[in-house]
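For reference, the structure is listed below as structure tokens.
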Amino acid sequence: MTAEDLRRAITRIAHEIVEAHRGSHDLVLIGMRTRGVPLARRLAAAIEQIEGDAVPVGILDIGLYRDDLSTRGAAVQIAPSEMPADITGKRVVLVDDVLFTGRSVRAALAAVLDFGRPQRIQLAVLVDRGHRELPIRPDYVGKNVPTARTDDIRVRLEETDGRDEVAVLAQEE
């Protein structure tokens, strides 16, 4: 995906979220660290352009909720999560860059529930590459990218990497 493809995907997802929620009232976007955070901010800006109202954005760190924490140990980087307000009764959209096995989303769901009981939780991802290990599917997708299990998807964003692009790096099995 080029920078223009990314812009179009974010705009389309923002419109889909607004349509599904009939506006932006009681909507909260929560970006999963690292690249989900700038994507959530971009979606919030796009929704604000559409609806005229600001949408709160939270930052979620799932480090302590990972199911491989015992095997990764000190390799897991932990940073604080930041919620813009109480999420109880709100309509939450989790935002991440790539959906692969679903394990990060499972961890994110557990983490979100520690902050309150939202009315609804949905998932928006820039890239869905398949290969799920858990019964998790996104509600909003920028692009479905068929990959081999060994391939690597690299999402680069201006805010974190200095440029916008998505690349598939094929790996030999």
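The residues of segment 54-173 have, on average, 54 Å² of accessible surface per residue, using a 1.4 Å probe with all protein chains present.
Between residue 53 and residue 120, full extension at 0.36 nm per residue minus the direct alpha carbon distance yields a gain of 22.1 nm.
Antiparallel versus total DSSP beta bridges in the chain: what percent is that, nearest 5?
On the way: 6 of 27 bridges.
Approximately 20 percent, going by the DSSP bridge assignments.
With both labels modelled 7 Å from their Cα along Cα-to-Cβ, the residue 170 to residue 77 distance reads 3.0 nm.
Kindly state, to the nearest 0.05, the FRET efficiency for residue 101 paired with residue 20, given R0 = 30 Å and r defined as their beta-carbon distance.
On the way: r = 25 Å, r/R0 = 0.84.
Efficiency, from the Cβ-Cβ distance: 0.75.
Applying 0.36 nm per residue to the separation of residue 154 and residue 8 and subtracting their alpha-carbon distance, the gain on full extension is 50.7 nm.
Normalise the Cα radius of gyration of segment 15-173 by 2.2 N^0.38 Å (N = residues in it) and let me know the number.
Numbers: Rg = 15.6 Å, N = 159, 2.2 N^0.38 = 15.1 Å.
Taking N as the residue count of segment 15-173, the ratio is 1.03.
Atom-type composition of the exposed protein surface of segment 31-115 places 49 percent of the accessible area on carbon and sulfur (1.4 angstrom probe). Simple spin-label estimate for residue 137 and residue 113 gives 2.1 nm between the two label positions (7 Å along the Cα-to-Cβ direction from each Cα).
The values are calculated or read from the model by the stated rules, or taken from the named source; none is laboratory data. Keep in mind that this is a model prediction, so the values were computed, not measured. Cβ coordinates were reconstructed from backbone atoms using ideal geometry, including for glycine residues, and neighbour counts include every protein chain displayed. Side chains are part of the model used for accessible areas, which takes the heavy atoms of the whole protein and leaves out ligands, DNA and RNA. Shrake-Rupley method; radii C 1.70, N 1.55, O 1.52, S 1.80 Å.
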